[in-house]
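For reference, the structure discussed in these notes is given below.
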Amino acid sequence: MSIEAGKHRPPEHTGQVLVLRDVVRVHGSGDAEVRALDGLTISIAAGEFVAVMGPSGSGKSTLLHLAGGLDTPTSGTVRVEGTDVGALSVSGRAALRRRHIGYVFQDFNLIPTLTAAENVALPRELDGTGRKAARTEAMAALAELEVQDLADRFPDEMSGGQQQRTAIARAIIGKRRLLLADEPTGALDSHTGEAVLEVLRGRADAGSAVVLVTHDARFAAWADRVIFLRDGTVIDTAGVDSAEELLAHSR
């Protein structure tokens with residue numbers, strides 16, 4: 001797929017999968033108070049691939065943490081598939097993540113005592129899928145990332161790039177309607193990075209909402225739309241025609 005992949009528009013899918021409305025997230029208090037997000041309002045529809053760009057400290061990772069139910073807003077609402085994430089209990093948010101949200105972390109978050117296949121299958125097993133069926137799904141996800149031969153290796157037996165692709169396989173297993181990826185290409189060479197973006201693009205085309213945090217305009221160019229953050233607010237949005245256009249917007 002070319003660098004202008006963002007020009008593609010997905011097939012007919014309807015409904016807002018992720019909606020943040022007037023979201024504020026404050027860390028600390030008094031002189032140490034930091035407003036990581038400051039009145040953020042965005043919505044992302046089924047079938048839409050959105051990239052989020054901005055300088056360090058702009059609120060990109062906080063946005064993903066809230067969207068993924070790993071944190072709750074100080075004020076405002078975060079809704080996934082119409083569910084108010086902030087109103088859920090801790091166990092309720094965990095169930096939402098298992099069933100609807102795939103999350104790719106910067107530091108992989110693989111469990112060191114589990115093999116690649118076991119790491120990938122774990123969310124499905126925790127949600128009640130039988131072990132054999134979960135492994136079959138895990139093997140299919142690993143194959144999509146071209147690392148099925150690593151199925152029985154432990155994380156410390158893999159390179160950083162192999163761990164990253166295993167983590168991405170874990171995020172896409174099952175029918176995840178929302179995929180959140182925090183710099184998923186950071187440990188990968190450019191060729192493998194493009195292959196990963198093709199997988200994410202395919203998930204959006206199949207009807208998932210995909211949110212990619214990246215600093216690289218080449219990878220953001222795979223998206224349908226780019227949101228630029230600064231100091232916890234949206235400063236610009238852009239449709240994607242080329243990496244060069246994205247660079248111009250981000251300056």
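The values are calculated or read from the model by the stated rules, or taken from the named source; none is laboratory data. Because the structure is a prediction, the values reported are computed rather than measured. Cβ placement follows ideal geometry from the backbone for every residue including glycine, while neighbour counts extend to all protein chains displayed.
Brief remarks on what is shown
- When Arg124 is tested against (1) more than 29 Å from Asp224 (Cβ to Cβ); (2) part of a helix (DSSP H, G or I); (3) of a type outside the set (Ser, Thr, Tyr), just one condition goes unmet, and that condition is (1).
- Members of the range 126-142 that are surrounded by fewer than 23 Cβ atoms within 10 Å (Cβ to Cβ), at pLDDT 95 or above and either β-branched (Val, Ile, Thr) or more than 22 Å from Leu96 (Cα to Cα) (or both): Lys132, Thr136, Met139, Ala140
- Qualifying positions in the range 56-114 - aliphatic (A, V, I, L, M) and touching a residue at least 40 places away in the same chain (Cβ under 8 Å): Leu63, Leu64, Leu66, Ala67, Val78, Val80, Ile101, Val104, Leu110, Ile111, Leu114
Each row is one residue, and each column tells you yes or no for (1) surrounded by fewer than 18 Cβ atoms within 10 Å (Cβ to Cβ); (2) within 26 Å of Ala169 (Cβ to Cβ).
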{"site": "Ser89", "(1), (2)": "yes, no"}
{"site": "Tyr103", "(1), (2)": "no, yes"}
{"site": "Thr113", "(1), (2)": "yes, yes"}
{"site": "Arg124", "(1), (2)": "no, yes"}
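- Filtered residues of the range 96-121 (kept if in contact with a helix residue (DSSP H, G or I) (Cβ under 9 Å, 6 or more places away or on another chain), closer than 22 Å to Leu18 by Cβ and not in a loop (DSSP other than H, G, I, E, B)): Leu96, Arg97, Arg98, Arg99, Ile101, Gly102, Tyr103, Val104
- Leu64 being in contact with a helix residue (DSSP H, G or I) (Cβ under 9 Å, 6 or more places away or on another chain), within 30 Å of Arg153 (Cα to Cα) and part of a helix (DSSP H, G or I): no
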